[in-house]
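The values are calculated or read from the model by the stated rules, or taken from the named source; none is laboratory data. Bear in mind the structure is a predicted one, so any value in this text is a computation, not a measurement. Ideal geometry is used to build each Cβ from the backbone, glycine not excepted, and the neighbour counts take in all protein chains shown. Surface accessibility is based on the protein's heavy atoms, side chains included, excluding ligands, DNA and RNA. Shrake-Rupley method; radii C 1.70, N 1.55, O 1.52, S 1.80 Å.
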Amino acid sequence: MEAAALKYDFRSDTVTRPGAAMRAAMASAEVGDDVFGDDPTIKQLEARMAETIGKEAAVFVPSGTQSNLIALMTHCERGDEYIVGQQAHCYRWEAGGAAVLGSIQPQPLENAANGTIPLAHIEAAIKPDDPHFARTRLLALENTIGGKILPSDYVQAATTLAKRHGLACHLDGARLFNAAVALGVPAATLAQPFDTVSVCLSKGLGAPVGSVLVGSKAAIARARRLRKMLGGGMRQAGILAAAGIYALEHNVERLAQDHANARALAQGLAKLPGLTVAQPDTNIVFVDIEPSIGPAFAAHLAQHGIGVVSMYGSTRQRWVTHLDVDANAVDYALSIASQLLAR
Ligand SMILES: *Cc1c(COP(=O)(O)O)cnc(C)c1O
């Protein structure tokens with residue numbers, strides 16, 4: 001299916017396109033060579049993100065994938081190990097980069113349905129100091145994970161357990177602002193237990209490119225060298241950072257609209273026969289579809305210009321709300337869905 005043929009694209013919050021005001025901010029950005037430390041707009045974005053997330057320092061990177069890899073390599077040497085969920089982006093969806101490029105051994109553990117990794121499983125997976133074992137150095141969590149918000153008491157307990165065993169803690173906070181806005185708490189509160197946090201600008205925040213990794217001055221100094229090593233040192237990228245600053249100023253509080261649209265979408269779809277829908281915490285809706293109608297339902301949506309991600313032989317769909325699909329898009333999608341199913 002051609003993306004251009006889509007009337008409304010619910011596949012991901014990565015599909016947002018920069019609007020006129022964001023492009024104007026990009027066009028007028030002051031720039032310099034950031035590898036020489038000369039780009040004032042990147043410095044401004046990094047300072048602002050560090051402050052917002054409540055850490056000492058930050059580094060602007062081209063993607064969330066590179067940001068996570070840099071974080072893993074910041075905390076782990078070759079032959080070290082990190083504990084991570086089976087469903088975590090930085091284990092499952094990043095082409096094995098930690099192992100391939102970092103020589104870091106993943107210790108994946110099954111995620112519970114709410115996205116947590118049971119504490120007893122984490123504790124059992126931490127290796128004793130013994131020459132047979134890789135050194136367990138890091139616990140990586142993700143919030144939100146599959147659109148779900150990790151319970152705060154769980155995050156406290158898991159990071160306390162990790163620290164008790166001398167592990168560092170990394171948060172893949174690609175959608176941290178979704179969690180913060182949904183809970184009505186500062187992003188810094190959710191980031192507090194972690195040594196490093198990666199935040200995406202190019203998801204719900206609507207920037208075209210970029211992530212920011214935040215942490216202590218020492219961690220981010222190490223991260224800067226790794227960014228250069230991995231090819232992520234950019235030059236006059238202030239035009240991209242300007243989009244990120246614009247996003248932080250204009251597109252954080254509005255995530256609440258995406259969450260309201262996701263709830264409306266989930267409630268509407270849940271009324272249709274053949275669909276089972278989990279109520280979303282934030283902006284991601286998963287729909288389970290009776291196998292007999294799965295392929296026809298997917299084809300019907302595609303025919304009417306509605307983009308969704310179909311999984312498991314069209315028996316499951318992921319719908320993501322974002323700044324380019326408004327309440328009208330949700331109404332349209334629900335009317336198209338009920339055309340086929342409400343019989
Ligand atoms: C999208 C995403 C990333 C990676 O971001 P890219 O910029 O696409 O590389 C990392 N973690 C999570 C949870 C994500 O959703």
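Residues of segment 220-245 that are aliphatic (A, V, I, L, M) and in a helix (DSSP H, G or I): 220, 221, 223, 226, 229, 239, 240, 241, 242, 243, 245.
Note on segment 246-315: enclosed strands (runs of 3 or more DSSP E) holding 1 or more residues that are open to solvent by less than 40 Å² (accessible area, probe 1.4 Å) are 275-277, 284-289. Considering segment 200-214, and only residues there that are of a type in the set (A, V, I, L, M) and within 10 Å of the ligand (Cβ to nearest atom), the residue that is surrounded by the most Cβ atoms within 10 Å (Cβ to Cβ) turns out to be 201.
If you go through segment 124-172 and keep only what is among the β-branched types (Val, Ile, Thr) and either surrounded by fewer than 16 Cβ atoms within 10 Å (Cβ to Cβ) or within 16 Å of the ligand (Cβ to nearest atom) (or both), you end up with 144, 145, 149, 155, 160.
Only one residue in 44, 86 is within 14 Å of the ligand (Cβ to nearest atom), assigned by TED's automatic domain parsing to the domain that holds residue 108 and in contact (Cβ under 8 Å) with a residue 12 or more places away in the chain, so which one is that? Let's see the steps before the verdict.
Details: 44 fails: within 14 Å of the ligand (Cβ to nearest atom).
Exactly one residue qualifies, and that residue is 86.
The residues on offer are 37, 96, and the sole one that is surrounded by fewer than 17 Cβ atoms within 10 Å (Cβ to Cβ), away from the ligand (no atom under 16 Å from the Cβ), not β-branched (Val, Ile, Thr) and not assigned by TED's automatic domain parsing to the domain that holds residue 320 is 37. List, please: which pairs have Cβ atoms under 8 Å, are six or more places apart or on different chains, and start with a residue in segment 126-150 that is touching a residue at least 40 places away in the same chain (Cβ under 8 Å) and more than 30 Å from residue 179 (Cα to Cα) and end with one that is assigned to a strand (DSSP E or B) and of a type in the set (Lys, Arg)? What qualifies is 127/135. Take residue 95 and tell me if it is over 21 Å from the mean Cα position of the chain (by Cα), at pLDDT 95 or above and not β-branched (Val, Ile, Thr). For residue 95, the condition - over 21 Å from the mean Cα position of the chain (by Cα), at pLDDT 95 or above and not β-branched (Val, Ile, Thr) - is not met. For segment 173-198, a tally of residues being assigned to a strand (DSSP E or B) and either free of Cβ contacts under 8 Å to residues at least 40 places away in the same chain or within 10 Å of the ligand (Cβ to nearest atom) (or both) returns 1.
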